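Quick notes on the structure that follows.
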Amino acid sequence: MSTDADSNPIVQARREEVEDHIDHGHSVAGWTGAGLGLLGSAIASVAVVLALVWLFWVGIVVMLLGLPAGIILSRAGKGQKQHPQQHGKPTPVR
């Protein structure tokens, strides 16, 4: 007995769900925000090991700059594209 996976409604629903999330987080705004957060935490970590208070605060500032940088880039059109669920259509309950 053979079944065709393409005609299976469960497989189709799962495929559509996965396709909706393929670009999850892959944007210039997302990577910039995450990158600045990671860089800032690395700087702050090195500063703690070296006991340099001023460098620790530089790392914290770099880390905190990641949030507004990501928001600004997202508003400038470099963020993730919106999905139909974000345009007022209700998400189906599972």
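The values are calculated or read from the model by the stated rules, or taken from the named source; none is laboratory data. Source: prediction; values computed, not measured. Don't worry about glycine lacking a Cβ; one is built from the backbone with ideal geometry, like all the others, and counts go over all protein chains shown. Heads up: the accessible areas ignore ligands, DNA and RNA and are worked out on the full protein's heavy atoms, side chains in. Shrake-Rupley method; radii C 1.70, N 1.55, O 1.52, S 1.80 Å.
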_Among the residues of segment 75-93, what is the count of those that are of a type outside the set (D, E, K, R) and either open to solvent by 100 Å² or more (accessible area, probe 1.4 Å) or modelled with pLDDT of 85 or more (or both)?_
6
*Restricting the search to segment 58-71, which residues are open to solvent by 50 Å² or more (accessible area, probe 1.4 Å) and without any contact (Cβ under 8 Å) to a residue 24 or more places away in the chain?*
58, 61, 68
